[in-house]
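Input: a single structure, listed below in structure tokens.
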Amino acid sequence: MIKLILFSVLAVMSLALPLSLIFTSGTKPKIPWVLLGAGYYLTANLILNLFKNAWMMKLEPLGAMLFYLIITVMTWTLTASLYFRRLSAVESGKMSLIYGGYAIINTFVASMVSYSPLIQYGLLSLRGQTDQIHGEAAVLLHSAYSTIQAKDIILAGIELLFVFLIIAQLFQILLAGKGPRRFAEFATGLFAYMLIQYGQWGTGISFIAYAFLLAGLIGYLYFSRPRIV
């Protein structure tokens, strides 16, 4: 029961974070800017998936992982230059909407793709109806749900918050800066974030690295540019 509650909290949290940016922004109309952020995510992810499938990029071994990270950073940065090169020093309200549109997919949809089957299994398990799931899917879901502990879900929620805040600062670099330098800064920060996310550092070291990266980005941006979150 506790795992189902924590999964539900994680789902609500993943939706509430981007919606809080969208609904608290005073900029109107909202939809075009939200769609711009969502379009950026979808375009960059589509291009990256094409590269990934064409080159069969993997995260193992170390060399392959670094190649994947470099291609990913280049893809997201070049797509950002396509979408945002005409935007310079965007006001904070528009920044919130653009990042909110991006985060609706990156934070909420991506999380639900991962966790909704487990939430569904937890609900069926609570009702004693897991026999509705058949075949290999039932075995995989049972194994995954049984293996995950409550602390794992709590840690996933903390990581989700770290990621949301870190990428918010990277969007601030993109949207509140001027000239090509902002794209180089965005690429550098994105590579550092992805190195933490995909590197096999262990939970403790990864969370410390997330905290240092977030603090560094906030410290870099605090005095010179408007804040998103």
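Just to be sure before I move on: is residue 156 among the small types (Gly, Ala, Ser), touching a helix residue (DSSP H, G or I) at 6+ places or on another chain (Cβ under 7 Å) and under 20 Å from residue 20 (Cβ atoms) in the structure I sent?
yes
For every residue, the table says whether it meets (1) open to solvent by 70 Å² or more (accessible area, probe 1.4 Å); (2) assigned to a helix (DSSP H, G or I); (3) among the aromatic types (Phe, Trp, Tyr); (4) within 24 Å of residue 36 (Cβ to Cβ).
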residue	(1), (2), (3), (4)
103	no, yes, no, yes
122	no, yes, no, no
159	no, yes, no, no
205	yes, yes, no, no
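Could you list, in sequence order, the residues of the range 78-100 that are open to solvent by less than 20 Å² (accessible area, probe 1.4 Å) and in a helix (DSSP H, G or I)?
79, 80, 84, 93, 95, 96, 97, 98, 99, 100
Which one of these does residue 115 not meet: (1) farther than 30 Å from residue 145 by Cα; (2) open to solvent by 40 Å² or more (accessible area, probe 1.4 Å)?
The number of the failed condition is (1).
Out of (1) crowded, with 17+ Cβ neighbours inside 10 Å; (2) free of Cβ contacts under 8 Å to residues at least 60 places away in the same chain; (3) among the basic types (Lys, Arg), the odd one out for residue 3 is which?
The failed condition is (2).
Of these, 145, 220, which one is part of a helix (DSSP H, G or I), open to solvent by 20 Å² or more (accessible area, probe 1.4 Å), touching a Lys or Arg at 6+ places or on another chain (Cβ under 8 Å) and not β-branched (Val, Ile, Thr)?
145
Condition (residue is of a type in the set (S, T, N, Q), part of a helix (DSSP H, G or I) and modelled with pLDDT of 95 or more) applied to the range 46-63: is it met by at least one residue?
no
Give the residue, chosen from 172, 197, that is open to solvent by less than 20 Å² (accessible area, probe 1.4 Å) and either farther than 25 Å from residue 109 by Cβ or part of a helix (DSSP H, G or I) (or both).
Within the list 172, 197, the selection yields 172.
The values are calculated or read from the model by the stated rules, or taken from the named source; none is laboratory data. No experiment lies behind these values; they were computed from the predicted model shown. Virtual Cβ from ideal backbone geometry, glycine too; neighbours counted across all protein chains shown. In case anyone asks, the SASA skips ligands and DNA or RNA and just uses the protein heavy atoms, side chains included. Shrake-Rupley method; radii C 1.70, N 1.55, O 1.52, S 1.80 Å.
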